[in-house]
Amino acid sequence: MGELLKALVQSNSSDLHLRVGEPPVFRTHGEMKRQATPPVNPEQLELMLLAVMPDRNRTEWKETGDSDFAYEIRGLARFRVNAARDRKGPFAVFRVIPAQVVTVDQLAISKEVQQLCYLTKGLVLVTGPTGSGKSTTLCALIDLINRTRTDHIITIEDPIEFVHENKQCVITQRQVGVHTEGFKRALRAALREDPDIVLVGEMRDLETIAIAIETAETGHLVFGTLHTTTAASTVDRIIDQFPADRQSQIRVMLSESLKGVIAQTLCKRIAGGRVAAREILLTTPAISNLIREGKTFQIPSIIQTSKQLGMLTLNDALLELVEKKEISPDEAYMKSVEKAGLVSSLKARGHKVSFTA
């Protein structure tokens, strides 16, 4: 297993897939690549996974059929692991977490987004589909705070991915299932642990979202993630979690506490590797009014007309990457949510398009 994971990291791949009857498969720059090694049988794979699995997860895996945990090879990398079972037997996916904490400069995070790290209270959300680099972006934002502020940061994760060492800040990292029962419980406890900044790895349910908004309202800076693809859909997703009789109240609370949304997707670079395209929403009085009045469908047009403030629609972010020749027009089209608008913009800039909207 050690040699396999070493090869995974050295090939700059993001994921290792292990399945019965198949050779190991690496996901390299978004593409699945089978390795030139023999297939594994059920017994081999079971032993390989048990060798790296903590005792608590062995019990969970046996009882429920799936389990998440972190595994570390010192000096190489950490890995986020999901082990599960299907009709053929055990299978697992190992996600590489780089050994080094990444910086905002390495990720080309805009100055306007960086400014969110200097707020004393409010809710900042990093969103996107699975595997879109949300954890990496959050890591860079927490690192910026760690280097420039003198505060107490509490992170609640499942599992802990990037490990932060104390710099200017004091950092407490808690793992669900190891250091705490769940996100909701840990978030409630965090309020009694003198935090300035709280990171919630996943806002999975109504109660966790409600506590996160409360925490942001009561003088703390809260970072969280959701699996939404645009800023407007992020606001809708949060409000839709609540029963109809509470939605009006939540709109008011969210209009006051939400400070920014970074909705990102990873695109294949022409030169190899991947690059993030980020839609950026920064809350202004106009945005707050739209949230309060339930007019989230108007948010994209406000973002579109607020570029001077550092806001950016996903289409504009994709267009910028095409203009810089970092990604192809076809890749931009694949990643766009509003494809007709992107095609019009590409044609207006003189880019050949081989698809129709």
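Odds and ends about this structure:
- What the Cα convex hull of the chain gives, in volume per residue, is 159 Å³.
- Cα gyration tensor shape of segment 76-218, rounded if a/c is under 1.5, else prolate or oblate by comparing a/b with b/c: oblate
- Residue order, fewest to most surrounding Cβ atoms within 10 angstrom, among Ile270, Ile291: Ile270, Ile291
- Inter-site label distance for Glu181 and Thr37 at 7 Å from Cα along Cβ, in nm: 4.0 nm
- Of His29, His227, His179, the residue with the greatest mean-square motion in the GNM of the chain, using alpha carbon springs below 10 Å, is His179.
- When each of Lys324/Lys352; Lys33/Lys339; Lys134/Lys295 is checked by Cα-Cα distance, pairs over 23 Å: Lys33/Lys339; Lys134/Lys295
- Viscosity 1.306 mPa s, 10 °C: Kirkwood-radius Stokes-Einstein D of segment 2-98 over Cα pairs, µm²/s: 117 µm²/s
- Residues Asn166 and Asp55, FRET efficiency given R0 of 25 Å [Cβ-Cβ distance, rounded to 0.05]: 0.30
- The gain in end-to-end length when the Phe297 to Thr64 segment is fully stretched comes to 79.8 nm, 0.36 nm per residue minus the alpha carbon separation.
- Remark: the Gln304-Lys347 segment gains 13.6 nm on full extension, using 0.36 nm per residue and subtracting the alpha carbon distance.
- Overall form of segment 218-307 per C-alpha gyration tensor (a/c, 1.5; a/b vs b/c): prolate
- Span from the segment 169-184 Cα centroid across to the segment 115-142 one, whole angstrom: 18 Å
- Length gained when the stretch Arg246-Tyr118 is fully extended (0.36 nm per residue, less Cα-Cα span): 43.0 nm
- 29 Å tail of the calculated P(r), segment 111-312, as % of Cα pairs: 20 percent
- For a paramagnetic label modelled on Arg74 (point 7 Å from Cα along Cα→Cβ), amide N atoms under 20 Å away belong, within segment 80-121, to 80, 97-101.
Coordinate-derived values only; no laboratory data. Only a predicted model underlies this, so the values are computations on that prediction, with no experimental measurement involved. Counting neighbours? That spans all protein chains shown, and the Cβs are built from the backbone with ideal geometry, glycine included.
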